[in-house]
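Here is the structure we will look at, set down as structure tokens.
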Amino acid sequence: MKSTFASVSSLLLGVAFLIVGHGLQLIVVPLRAAAEGWSHVEIGALGSAYYIGFVAGCLGGPYAILRAGHIRAFAAAVSLAAAAIAAHPLWVVFPAWFVLRLVIGASLAALYLIIESWLNDRATNASRGVIMSAYIVVNFVAITVGQLMVTLYSVAAFQLFAIASLSMSLATIPVALTRSAQPAPITLVSFRPRALYDASPVGVIGVTAIGVANGAFWALGVVFAVGAGLTTRQAAIFMSVATVGGALMQWPVGRLSDRIDRRLVLVALLAAAALVGVLLALLPLWPSAWLALAFLFGVATLPTYSIAAAHAYDHAAAGTYVETAAGILLANACGAIVGPLVAAALMQRTGSATLFLFTAAVQVGLAGYVLLRLRQNAPMVAVDKTGFDLAATAPVGAVISPELLSLEDDQVAAPVSPPGGGDRSDAPA
């Protein structure tokens, strides 16, 4: 066990610094925009810009890694993201922030690809579960810590952006100084929506609709909380409690879905999430009650992506797991581009509480579609399922398939290496 973690300890430490900064900027950007008096539509567009950049980074990031190698590409992407975060308080205008959010989304997508391909390369069949689960735990803990750090200073000051930028910058140190060899495999992301839909209609429709609802929540949740009368500190705690609730439920809900039809589990989660969303929208946020509602919303909402993704893997043909991982990632990100824009437009017209009425409507609609598919198709036999994989289905990363990467897959490539081994970072693209 000790040797297993020794090979990835530097990378996991870098991930911790990276995600703390990421979690902080996810909260401080919409809070600062709201404090500046920007409209809901503008704030929603910032959330969509992040996911537009994320999709671009997923598509283009692998080629930067193939050209420069993992360590240099990691350092470049971290530097770009840290610089973009630090630039926010310099130009507090919507066009500049929209571009900066594009840059941060693209950088984070490339970083996830680097980290996850690196971890996959270090893992064996025996150690993969432990390594990837540790990575997911680090993600959830770090993003929660980052969210809570917004309480340290006023969102109107520059310090929070500086802290987020500094934290991200520190991520480079343990990775740049690692003695571990750079890995070879990297996933080349491609998306065949028709083939993915034919294999698993509930999987692809599910992750897309969940992207719509959850993208709106991540982009505008703090705006709702402040609009409902919570302080900045309470709004940060609201988001953090929801994150913790979702993190705690990933594994037990996933294991339950191994035993019964995953679609039934998904419908139950969607119904519970919609109910809690309606309560958040219609009830006043009494002291302590908003904590309970935030926790329950996270418990019901955040694992829905995991279950839909696991269902898609169940129906993936042998040898297509990498393609399936890429497809569900991009489908979810495309939904997350749309969600904040639509929710923000509704909030602009009817008030911030409409956010959770919107997420509830999307969740009820998806539940109805899943119920329709339940009537049309018999459940999969338990022995034919892939088995719930926390790493491959957690809503925090990029492309992780439930199997080790193989260079025999046409979506997996390796940097060109000079004779004698090593990474040739100056090789032409």
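Quick note: the coordinates plus some simple rules give every number you see, no bench work behind them. Given the structure is predicted, the values throughout are model-derived calculations rather than measurements. Neighbour counts run over all protein chains shown; Cβ positions are idealised from the backbone, glycine included.
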Exercise. Going by how many other beta carbons lie within 10 Å of each one, how would you line up Trp251, Trp286, fewest first?
Worked result: Trp286, Trp251
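Could you line up Ser288, Ser117, Ser133 from fewest to most neighbouring Cβ atoms inside 10 Å?
Ser288, Ser133, Ser117
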Exercise. Can you give me the relative contact order of the stretch 190-401 as a percent, contacts being Cα pairs under 8 Å and 6 or more apart?
Worked result: 40
Exercise. Using the 10 angstrom Cβ neighbour count as an exposure proxy, how do Asp261, Asp198 rank, fewest first?
Worked result: Asp198, Asp261
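Using a simple charge model, +1 on the beta-carbon of Lys and Arg, -1 on the beta-carbon of Asp and Glu, nothing else, what dipole does the stretch 190-401 show about its Cα centre, in debye to the nearest 20?
Details: 11 positive and 7 negative charges, 54 e Å.
The calculated dipole for the stretch 190-401 is roughly 260 debye.
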For this session: For Trp91 and Ser9, calculate 0.36 nm times their separation in residues minus their Cα-Cα distance, and state this gained length in nm to one decimal.
Result: 25.8 nm
Exercise. Looking at the stretch 33-109, which trypsin sites (Lys or Arg not before Pro) are DSSP coil and have at most 11 other C-beta atoms within 10 Å of their C-beta?
Worked result: none
